[in-house]
Amino acid sequence: MTRPTYFHPVAHLVRKEFLQVFRDPALLRMVLLLPVVQLFVFGYAANTDLKNVRLSVLDESRSRESRRLVEAFYQSGVFIPGPAPSRPDDIERLLTEGKAEIGIRIPAGYARDLAEGKQAIVGVLVDGVNSSSAGRAQGYAEQILLREAVRGSAGPVEGRARIEGETRFYYNPELRSRHYMVPGIVVLIITIISSMLTGAAVVRERETGTLEQLLVSPLSPAQLIAGKTIPFAILAFADLAFATTIAVLWFRIPLEGSVLLLAFVALLFLLVTLGGGLLASTVSATQQQAMFTLWFFLVFGILLSGFFYPIENMPRAIRYLTYVNPLRYMMSMVRGIFLRGAALPDVWPDLWKLSLIGIAMFSLAVFRFRKRVR
Amino acid sequence: MSARGAPIRVEGLRKSYGEMPALDGVSLEVGKGEMIGLIGPDGAGKTTLMRILCGLLVPEGGSAKVMGFDCAREERRVKEHLGYMPQRFSLYPDLTVAENIRFFADLFGVGAAERKTREERLMEFSGLGPFRKRRAGHLSGGMKQKLALSCTLIHTPEVLVLDEPTTGVDVVSRAEFWEILDGLAREGIALLVSTPYMDEAARFSRIVLLHRGRVIAEGSPAEVARGSRRKLLQIRGPDTVRAWRLLREEGPRGIEALRFGDRVHVAHETDEEDSSVRRALAGLDVSIVCVSPGIEDAFIALMGGKETGTA
């Protein structure tokens, strides 16, 4: 009887796993297309920059000044012309029907009031359904009005012109949401790929009964776990490299920090996702169950990671909840490495917490897995 | 036999699932080159016994040894000597015949050169050669079982444990499969094979009848049939159904009345029981004759009653 070496059986399991992934069109699609689709969907469509806001103007002044004001709106790059209202009531109707996001009413006396240095009142109506974009649209509109007021007025307008504040943003100077989103998507991709594939692969072995065949082979439980996680760690790294390449070359996201640090952080993060996949497999009898279990936790993890909504804006209780969310630390580190050029000491506060969670999760998964197979 | 004793040695094995005892003190031995049939209806404990032998389950009492190694404590040594084929087809359906065989060879540390010669032999005796490149999921039932057996044999185990290998396999493939197993026994492999099919009992040199976690009979198929302590009364006639009901509801103790279509078989042990049955049925329009039990009758009589659906 040839005694198997410690390493070889794991290598054979890994080889077999790749054979299966590359033979299964559904899995292959997930590995190859998921990064591309996610990057492009989130990178383009889910852009939170304010653009193409439809503006409906009721110009009752019909003056040179009023035309200049409207022109200023369109030149801002934020607003585009919406349907023209003919009566004041029309503005409200257009907003209600969703044909415009913002409406302004320039009263008949606008040019005269400006010339006389009096307060000119311009009515602004904003569709507030999407509160965050409404707030920003309103902010833009006010800025434009103020600027025009200063330019057109003979005297000071309520003295506000002089206290124009100047805000400057660091690291993401144009506050481009894409710069903020894309590194986050890179995190999502490796999270989904590694946890889902691991969970599915283990449960699939159980479904086909082959898990039992592996258990009656001389494989030790540790070798079995290694054989079922290493392939998906490799695939996650391949996707990380792939997604990072797209992010840098296509989306022109700056990668200020070290690629090596990014890889190292990802390696520790994989403890969390591979452990999560294994854990899901121990509570699921079918692949669907495993997928649903994982999605349930992934949705919470993503929502509370700061991917979409800043953690600082969350209610206190929920903010505390994010402290145990490994995705939160990963998001913050990867964004830091990409945009700020964060080095090891900078990410350390996040890194040790992530490592702690990762080690705890993976140990729990291994413990449960060993118990379940015996 | 070596000093280690029989290749399979099970003594007083106990295992229960919650309240339900699955194995209640089972002992048996399988010698080198022997093919033992483990026969019993579903739920008799066949699979539990086999899973304990493979180290997949830990017994609550008693001991199970394969090639002298304890199945609970020295499972890794046991696995090197044992090949297990579960009831369900358990190979990778998306891998080809050759890939499945290669994977299991690799897993058991079979070297490349050795694997080649063994693979050739397995292909030859299983007739799988032409299907090498076919995916396992696309094989017929009989072919799947042969492939599963080939994967089980790739590391040349000395002990084979096969759980209902012929269930769901067509008659021709079943006959072929048994010939293969006979050949393996002649080569000196110890085989423990379970089956719910009574007509397959004759295939074995020795059978062990398992019922509700206990061995209720053991011996050659003929011995089991003959040596059953019980005798059979065959009851036929217009009042057969009434006779059957009467015997079940208020018949003498210690007897078992089973219906087979238009007949009722009553298993009993003593002459007194014989006459008490006849007394109980006096007045009914039935003929009562004493028959010598066939293998099937013996099994059913021994198993006694209600769970004989697989007969």
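The values are calculated or read from the model by the stated rules, or taken from the named source; none is laboratory data. Every value quoted in this text rests on a predicted model; they were computed, and no experiment measured them. As a convention, Cβ positions derive from the backbone with ideal geometry for all residues, glycine included, and neighbour counts pool all protein chains shown. These area figures cover heavy atoms from the full protein model, side chains too; ligands, DNA and RNA do not enter into them. Shrake-Rupley method; radii C 1.70, N 1.55, O 1.52, S 1.80 Å.
Being in contact with a strand residue (DSSP E or B) (Cβ under 8 Å, 6 or more places away or on another chain) and among the β-branched types (Val, Ile, Thr), is that true of even one residue in region B:191-205? Yes, region B:191-205 contains at least one residue that is in contact with a strand residue (DSSP E or B) (Cβ under 8 Å, 6 or more places away or on another chain) and among the β-branched types (Val, Ile, Thr). A:Thr210 meets the conditions (1) more than 10 Å from chain B (Cβ to nearest Cβ); (2) surrounded by 19 or more Cβ atoms within 10 Å (Cβ to Cβ); (3) not aromatic (Phe, Trp, Tyr) in every case but one. The failed one is (1).
With assigned to a strand (DSSP E or B), more than 12 Å from chain A (Cβ to nearest Cβ) and under 23 Å from the mean Cα position of the chain (by Cα) as the only criterion, which of B:Leu28, B:Leu49 stands out?
On the way: B:Leu49 fails: assigned to a strand (DSSP E or B).
Just one listed residue meets the conditions, B:Leu28.
Among residues that are at negative phi, open to solvent by 10 Å² or more (accessible area, probe 1.4 Å) and not in a helix (DSSP H, G or I), A:Leu268 is not included.
Being within 14 Å of chain A (Cβ to nearest Cβ) and over 22 Å from the mean Cα position of the chain (by Cα) is the requirement here; does B:Phe103 meet it?
Values: within 14 Å of chain A (Cβ to nearest Cβ): yes; over 22 Å from the mean Cα position of the chain (by Cα): yes.
Yes: the conditions hold for B:Phe103.
When you look at B:Glu60, is it in the same structural domain as B:Ala22 (by TED's automatic domain parsing), of a type in the set (Asp, Glu), open to solvent by 10 Å² or more (accessible area, probe 1.4 Å) and touching a Lys or Arg at 6+ places or on another chain (Cβ under 7 Å), yes or no? For B:Glu60, the condition - in the same structural domain as B:Ala22 (by TED's automatic domain parsing), of a type in the set (Asp, Glu), open to solvent by 10 Å² or more (accessible area, probe 1.4 Å) and touching a Lys or Arg at 6+ places or on another chain (Cβ under 7 Å) - is met.
The number of residues in region B:52-68 that are over 18 Å from B:Ile36 (Cα atoms) and not in a loop (DSSP other than H, G, I, E, B) comes to 3.
Got at least one residue in region B:89-106 being touching a helix residue (DSSP H, G or I) at 6+ places or on another chain (Cβ under 6 Å) and in a strand (DSSP E or B)? No, every residue in region B:89-106 fails to be touching a helix residue (DSSP H, G or I) at 6+ places or on another chain (Cβ under 6 Å) and in a strand (DSSP E or B). Taking every residue in region B:106-119 that is more than 7 Å from chain A (Cβ to nearest Cβ) and pairing it with any residue that is of a type in the set (Lys, Arg) and surrounded by 12 or more Cβ atoms within 10 Å (Cβ to Cβ), at least 6 positions away or on another chain, the pairs with Cβ-Cβ distances below 8 Å are B:Arg115/B:Arg102; B:Glu119/B:Arg102.
How many residues does region B:205-244 contain that are open to solvent by 10 Å² or more (accessible area, probe 1.4 Å), under 24 Å from B:Pro7 (Cα atoms) and either touching a Gly at 6+ places or on another chain (Cβ under 9 Å) or in a loop (DSSP other than H, G, I, E, B) (or both)? Looking only at that region, the number is 9. Screening B:Glu176 against (1) farther than 23 Å from B:Thr48 by Cα; (2) open to solvent by less than 10 Å² (accessible area, probe 1.4 Å) leaves a single unmet condition, (2).
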